[in-house]
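Data block below; observations after.
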Amino acid sequence: MKENLFKKVGGEKIQSIVDYILDFAKKEKHGTMYSNVQVCLGCDSQAKRRSVNYAITIVMYDDFKHNGAHYVYKRIRIPKSMLRRRERVSQWYFDRKEDFTDEMIDMPLNDLIINRLWNEVEYLMELGLWLDEELKGKYHIKHEKNAYDETQPYRLPIIHLDFNPNEGDKKQNKSNKLYYSAMGMFTGMGFKVVGKPHAYASSSAADLLCK
């Protein structure tokens, strides 16, 4: 079973993403116990003919220096046949040989899109909870209240959700159907969460990588 590791932009694999984040945060520390480095998690996806490509990013941004962001990433590829069965591939391991043949399972297109988008939510929740536990006691940051519902976040990572708060004039923004459910779920679990147009870890970094 092969581990699906995060990578640097040049393709170099990162053996311990937790140590990597802590080293970056320590390097950018500015005299207090609280770090100025925001650890932002993003995910985006794009449908192909027989598969859906996902990109998960961790973006580290120094809110004190404002000198640009550093990001790492991993990619996941899911056959559409699995998506139609409401299944998803592990983000931690390449644990099976996936079937990318055309398997005809009846499902409306809108439902397929919703399944694809909700996988983004589940990948981010899974990664966010794991990182919060691994970084606890080693990395400290103060979050402002969520603009979405005025809740006070207590989890360490920030979730960047590539969902649109507006459905659009012609109801073209499919992610709007999941926006309120996903935002409420993340804030209810104690995360700082932002949606479009401020979710750069998803809408910029991950969007570029999943194509």
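The values are calculated or read from the model by the stated rules, or taken from the named source; none is laboratory data. In this text the structure is predicted, and so the values were computed from the model without any measurement. Note that we place each Cβ from the backbone using ideal geometry, even for glycine, and neighbour counts take in every protein chain shown.
Taken together, the criteria exclude Tyr148 from residues that are outside any helix (DSSP H, G or I), within 25 Å of Val72 (Cβ to Cβ) and of a type in the set (Ser, Thr, Tyr).
Pick from the stretch 158-188 the residues that are assigned to a loop (DSSP other than H, G, I, E, B), under 23 Å from Val72 (Cβ atoms) and not charged (D, E, K, R): which of them is modelled with the lowest pLDDT? The qualifying residue modelled with the lowest pLDDT is Phe163.
Can you tell me how many residues within the stretch 34-55 are out of contact with any Lys or Arg (no Cβ under 6 Å at 6 or more places or on another chain) and of a type in the set (Phe, Trp, Tyr)? Summing the residues that are out of contact with any Lys or Arg (no Cβ under 6 Å at 6 or more places or on another chain) and of a type in the set (Phe, Trp, Tyr) in the stretch 34-55 gives 1.
Scan the stretch 75-94 for residues that are part of a strand (DSSP E or B) and in contact with a helix residue (DSSP H, G or I) (Cβ under 9 Å, 6 or more places away or on another chain) and the total you get is 3. Of all the numbered requirements in (1) part of a helix (DSSP H, G or I); (2) out of contact with any Pro (no Cβ under 6 Å at 6 or more places or on another chain); (3) farther than 19 Å from Gly195 by Cα, Gly137 misses one, and that requirement is (1). None of Gln91, Gln15, Gln38 is surrounded by fewer than 18 Cβ atoms within 10 Å (Cβ to Cβ), modelled with pLDDT of 90 or more and of a type in the set (S, T, N, Q) except Gln15. Screening the stretch 187-197 for residues that are more than 12 Å from Tyr154 (Cβ to Cβ) and touching a residue at least 40 places away in the same chain (Cβ under 8 Å) and picking the one that is surrounded by the most Cβ atoms within 10 Å (Cβ to Cβ) gives Val193.
For beta carbons closer than 6 Å, sequence separation of 6+ or different chains, a first residue in the stretch 82-111 that is more than 25 Å from Ile17 (Cβ to Cβ) and a second that is in a loop (DSSP other than H, G, I, E, B) and at pLDDT 80 or above, the qualifying pairs are Phe100/Arg50. Scanning the stretch 130-147 for residues that are charged (D, E, K, R) and closer than 19 Å to Asp63 by Cβ turns up Asp132, Lys138, Lys142, Glu144, Lys145.
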